[in-house]
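The values are calculated or read from the model by the stated rules, or taken from the named source; none is laboratory data. Note that the structure is a prediction, hence the values are computed from the model and not measured. Glycine gets a Cβ as well: all are built from the backbone with ideal geometry, and neighbour counts include every protein chain shown. These accessible areas exclude ligands, DNA and RNA; they are computed on the full protein's heavy atoms, side chains included. Shrake-Rupley method; radii C 1.70, N 1.55, O 1.52, S 1.80 Å.
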Amino acid sequence: MHRLLQRQIDRYLGEQGAIPENLSQFLAAVSAAYESADADHLLIERSLDLMSRELTERNHEMRNELSIRQRAEGQLEFLLSLLDATLESTADGILVLDKDARVVRFNRRFVEMLHVSDEVAALWNHDTLIENLQGQIKDPAAFTEKLEYLCQHPEEESYDTFECNDGRVIERYCLPPPQGEEKVGRVLSFRDITARTQAEQALLREKEEQKALIKKLEEAHNQLLQSEKMASIGQLAAGVAHEINNPIGYVNSNLGTLEKYLQTLFHVLAAYEQAETAMCDSHVQAEIRTLKREAEWDYLKQDIFELLKESSDGILRVKQIVQDLKDFSHVDEAEWQWVDLHKGIDSTLNVVHNELKYNSEVVKEYGELPQVECLAHQLNQVFMNILVNASHAIGPDGHGRITIRSGTQDDKVWVEISDNGKGIAPENLKRIFDPFFTTKPVGKGTGLGLSLSYGIVEKHHGRIEVESEVGKGTTFRIWLPVRQSAG
Ligand SMILES: Nc1ncnc2c1ncn2[C@@H]1O[C@H](COP(=O)(O)OP(=O)(O)OP(=O)(O)O)[C@@H](O)[C@H]1O
Ligand SMILES: [Mg+2]
């Protein structure tokens, strides 16, 4: 029983003297109840104590956890804002797509570069954004297709460029995303490379121009070399022609006189032959017959004139060569005229008809030509040389084709003569304009045709181009100015 109650009961019972039996039992019962309640009370107190300690510990742990979480959240917030700042401060436009190629993020630079309107950017809606982009790009279908392709092939590295409607060129670059367990889509970066592309193109153009200039310089240099060579050969040729001209002249005239003398001589001899029987005895006649036999008299009489004829032909040929050399060295003084070149070509074709008719078909593809100021007779010589060369290149039994084309460019006209003959070996191509360069057998070519032609065309302030492929054919193209500038 509770001690305070026990003391009260003891004081009261002490005044009463003795404790009645019923009360004693009652008090015992009360005392037992109290003791049992005390025990429970103690138990409860201890439990409460335990719980309170546990609660305190838990509280402590929770406080710790809370502060850790708060720190983590702070860190996360910092990282996110760092990421944002990085995304916004990069010079490239960034577009982030999820694995279904849908837009999940883009930065300000992207918006500016691809002219995404503020309203669309604010909406942050995939479809609206893509529609807006497609409106800016020259080939929108290819753009979207590429985005989808990249998302479907996350392992692929990609670099390409595309053009905007306003002419800007944008570079698109995309590295494969880190390969985690889950595919994360794609991060694409865009860079405006218009200025760079323009600079590259300008550089390329400049390079091309430089190349063309170098080629022109090379051509000019070659022409200069060629014309210097021609000039010095021309001087030499003029000298040689001059020196040969005189002896050829008197050899030619002497041959004519010699022929006449021989004819007279044979005439006189014939008279003697007729008087032979009357003038000589049989012994002398026999001696004369023997001498004539030994000298092959009849053959000699006939051959002597053939030899003279051959010599005259030879001399005529040499004269022609000398004339060619003269023409080559200083093309003569014929008059400049305004001429229809097609007419000249046609008349030249008539002249060489015999040469061409057996082996070649001539195809004319004339363009429109204005009248050209030229030395017509000399130009016809050029056409003739080239036509005869073409026929020789085709050969005697070839069914060849010679095509003659013509046309104009700026203030120049051109005439082109192509054949499908045997062509010119590359090592000979540089030499064909040299005087006396020939690949033809003796008697067929002197090697002067093209060098003469070169001189004539040069005199017209034009040029001759040649292209040839062995086994396929050759094309000569003659360029002439329409008008000879004064002086
Ligand atoms: N159309 C051609 N096809 C193939 N080779 C050619 C052609 N034209 C010229 N040639 C070559 O160029 C060489 C020089 O030609 P060029 O006209 O100067 O002299 P040629 O024809 O040999 O003699 P010439 O014209 O004085 O009678 C020729 O021998 C030949 O080898
Ligand atoms: Mg020739």
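What to note about this one:
- Placing dummy labels 7 Å off each Cα toward the beta-carbon, the span from ARG11 to LEU42 is 2.7 nm.
- Gap separating the Cα centres of the range 21-88 and the range 399-457, nearest whole Å: 115
- Residue-normalised accessible area of the chain, given per residue in Å² at a 1.4 Å probe: 66
- Overall size of the range 114-161 from C-alpha positions, given as principal axis extents largest first: 34, 21, 15 Å.
- Spread over its residues, the convex hull of the C-alpha atoms of the range 90-192 is 91 Å³ per residue.
- For the range 3-82, radius of gyration divided by Kirkwood radius, i.e. Rg to Rh on alpha-carbons: 1.60
- Other residues whose C-beta falls under 10 angstrom from the C-beta of THR474 contribute a net charge of -1, scoring Lys and Arg +1 and Asp and Glu -1.
- Farthest positive-ward along the chain dipole, Cα basis, beta-carbon charges - from TYR173, PRO396, GLN152: PRO396
- In the distance distribution for the chain, Cα-Cα pairs more than 39 Å apart total 66 percent.
- Lysines with Cα under 16 Å of LYS292, excluding same-chain neighbours fewer than 8 positions away: LYS301
- Proximal lysines relative to LYS138, as straight alpha-carbon distance under 21 Å, when same-chain residues fewer than 8 apart are discounted: LYS146
- 3J(HN,Hα) from dihedral phi, the range 400-407, Karplus parametrisation 6.51/-1.76/1.60, rounded to Hz, x for glycine, proline: x, 9, 10, 10, 10, 10, 8, x
- Each Lys and Arg contributes +1 and each Asp and Glu -1, all at the Cβ; summed about the Cα centre of the range 337-481, the dipole is approximately 400 debye.
- Along its first, second and third principal axes, ordered by size, the range 337-481 spans 38, 29, 25 Å in Cα coordinates.
- Rounded percent of accessible protein surface that carbon and sulfur make up, the range 368-487, 1.4 Å probe: 50
- Furthest towards positive pole of dipole, GLN210, ILE193, ILE137, structure part the chain, Cβ charges: GLN210
- Spin-label model, VAL482/TYR159: points 7 Å from Cα along the beta carbon direction are separated by 5.2 nm.
- Taking θ as phi - 60° and the Karplus parameters 6.51, -1.76 and 1.60, the scalar couplings of the range 49-64 work out to 4, 4, 4, 4, 5, 4, 4, 4, 4, 4, 4, 4, 4, 4, 4, 4 Hz in sequence order, x denoting glycine and proline.
- Whichever aspartates and glutamates have a C-alpha closer than 13 Å to that of LYS364, once near sequence neighbours (fewer than 8 apart) are set aside: ASP346, GLU416, ASP419
- Debye, to nearest 20: dipole size of the chain, +1 on Lys, Arg Cβ, -1 on Asp, Glu Cβ: 1380
- Take every pair of alpha-carbon atoms less than 8 Å apart whose residues are at least six positions apart; their mean separation over the length of the chain yields a relative contact order of 8 percent.
- According to the Kirkwood relation over distinct C-alpha pairs, the hydrodynamic radius of the range 227-329 is 17.1 Å.
- Signed unit charges on C-beta, dipole axis of the chain, positive-most listed residue ALA295, HIS242, LEU369: ALA295
- Here the calculated FRET efficiency for ARG196 and ALA425, from their Cβ-Cβ distance with R0 = 45 Å, stands at 0.40, rounded to the nearest 0.05.
- Charges were assigned to the Cβ only: +1 to each Lys and Arg, -1 to each Asp and Glu. The resulting dipole of the range 83-156 about its Cα centre is roughly 100 debye.
- MRE, 222 nm, helices only [DSSP H, n ≥ 4, -39500 (n - 2.57), over the chain, to nearest 500]: -21500 deg cm²/dmol
- Whole-percent carbon and sulfur share, accessible surface of the range 40-88, 1.4 Å: 61
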